[in-house]
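Student: My questions will all concern the structure given below.
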Amino acid sequence: MREYLLTLCITAAVTYLLTGPVRKFAIVAGAMPEIRARDVHREPTPRLGGIAMFFGLCAGLLVADHLTNLSAVFENSNEPRALLSGAALIWLIGVLDDKFEIDALIKLGGQMIAAGVMVMQGLTILWLPIPGFGSVALTQWQGTLLTVALVVITINAVNFVDGLDGLAAGMVCIASAAFFLYAYRVWVSYGIEAAAPATLFAAILMGMCLGFLPHNMHPARIFMGDSGSMLIGLVLAAGAISITGQVDPDALKLFAGSEKAAVHQTVPVYIPLLLPLTIIAIPAADLVLAIVRRTWRGQSPFAADRGHLHHRLLEIGHSHSRAVLIMYFWSALIAFGALAYSVNSASMWIVLGVVFLSFIGLVLLLLPRFTPRAPRWAEAFVPPRYRRGVVAEPAATTPQTPSAEAAVESGPEAEEEPRTPVAAAVAGVNGATAIGARSRFLDRRKAGTSR
């Protein structure tokens, strides 16, 4: 566990320290697209954050290769090299898209090629545990097609949910934490060495997300872009493929009897077919709903719109930060609920706990539909909008300059107002680093210069 924590910390540190210089490089390179109609942010923000995340991935793999226990993963398996090859290819495609906006079909083809590269190096599904049938061996073509499909679905699910500051990185971090606990339990508790690569991938993925989040939380100073969202989606899918189709469920030996009975009983424990869909259930649901919605309207499934789940949360009245926290809550509930159910599927307390937390999540989800009022004695401790008898100030007091609070309270309707594009490398761009204001750099500039 110490070596996993060291790998996680090194990955997070490298990602965090490189994100600031990468942001400045993105501004110089012009990787700052104008505000689009579907965007939530108000100012042009540099992308290419995936560059820092990719180097964090490389640093994590390099450190793990030189550690006493984790080095055995590289000696006994070719999966880390397969992951690095596929990640490098998908990262390069993402960088080109962040800069030049390549076609969606080209990106889809690149995703399939990256998945094929990993398959060629041994990172593929070999068999599946099917309830009632036992372990079903897959042919080479079946394993390849299933692996490519799982990689493409996971990449696009993460990419689709990357619509609010810190949303994709936080949700994937939650999913990878649950996945790490699951894979570590399979490896250490049951002595199954085939689960070691997946455990390493999950630890590195957590480090990538944790290192990037301080720069990406609202208001974001840099976006991960497709170079980051597709990268973390591929790493998450690679870990799931590594443990799903290569660990024999009967090797867990949790139940006596035939192999069919063991597989049938260990379905909730092994979560074979739903992994990683259980840990990215929210992004996967958003992906399916987006495809159905766009196809029903006669649009391309890759056409962008403002109908994603996080957009709906903004429309019903949630603030940006609260919408992100609600998505975090549901992701953690599903991921760790499935993890707890896999540990003890016979416990009724786990089911009741998940139901109770789901009820709390629904209340939080529908909170803007209600207008709660605090009692008189508590009005001094709550925001003004929760106090009784509060009358809004006339708007005529500031006819020309609306306040910042009014701009925030306007909610999603403000996003429909025409926006003035802001060029790169000028004032108004979100902060220079994850900590500290950008204004201190402006005083050093000379009049008439571009920077």
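Bear in mind that the values in this text are calculations on the coordinates, not laboratory data. Computed from a prediction, not measured in an experiment: that's the story for all the values here. Note that each Cβ is placed from the backbone with ideal geometry, even for glycine, and that neighbours are counted across all protein chains shown.
Student: For a Förster distance of 25 Å, can you work out the FRET efficiency between the beta-carbons of Phe356 and Ala88, rounded to the nearest 0.05?
Tutor: 0.05
Student: Just subtract the alpha-carbon distance of Val28 and Ile316 from 0.36 nm times their residue separation and send over the number in nm, one decimal.
Tutor: Stretched out fully, the Val28 to Ile316 stretch lengthens by 99.9 nm.
Student: Between Leu105 and Arg81, what FRET efficiency follows from the Cβ-Cβ distance if R0 is 35 Å, with the result rounded to 0.05?
Tutor: With a Förster radius of 35 Å, E is 0.75.
Student: Follow-up. Please give, to one decimal in nm, the separation of the simple spin-label points placed at Phe381 and Arg293, each 7 Å out from Cα toward the Cβ.
Tutor: Going from the Phe381 label point to the Arg293 one covers 3.9 nm.
Student: How much length would be gained if the chain were fully extended between Leu96 and Ala285, taking 0.36 nm per residue of separation minus their Cα-Cα distance, in nm to one decimal?
Tutor: Full-extension gain reported as 65.3 nm.
Student: Also, I was wondering about something else. Quick one: which of 224-236, 355-367 comes out on top by average Cβ neighbours within 10 Å, and what's the full order, highest first? Could the numbers behind the result be given before it?
Tutor: Working: 224-236: 28.8, 355-367: 12.7.
Those peptides, ordered most packed to least, come out 224-236, 355-367.
Student: Hey, with R₀ at 30 Å, roughly what FRET efficiency would Trp141 and Ser71 work out to, going by the Cβ-Cβ distance, to 0.05?
Tutor: Working: r = 34 Å, r/R0 = 1.13.
Working from the Cβ atoms, E equals 0.35.
Student: What shape does the range 40-103 take by its C-alpha gyration tensor, where a ≥ b ≥ c are the square roots of the eigenvalues and a/c under 1.5 counts as rounded, a/b above b/c as prolate, and the rest as oblate?
Tutor: Prolate, since a/c reaches 1.5 and a/b exceeds b/c.
Student: Quote the relative contact order of the range 114-196 in percent (integer), defining contacts as alpha-carbon pairs under 8 Å separated by 6+ residues. Kindly include the intermediate steps, with their values, before the conclusion.
Tutor: Values: 50 pairs, mean separation 14.6, N = 83.
Relative contact order for the range 114-196 comes out at 18 percent.
Student: Then there's this: When a/c is below 1.5 the answer is rounded, else prolate if a/b is larger than b/c, else oblate, so apply that to the range 97-220 with a ≥ b ≥ c taken from the square roots of the Cα gyration tensor eigenvalues. Walk me through the intermediate numbers first.
Tutor: On the way: a/c = 2.38, a/b = 1.28, b/c = 1.87.
It is oblate, given that a/c is not under 1.5 and a/b is not larger than b/c.
Student: What order, most packed first, do the peptides 149-159, 203-213, 11-21 have when packing is the mean number of other Cβ atoms within 10 Å of each residue?
Tutor: 203-213, 149-159, 11-21
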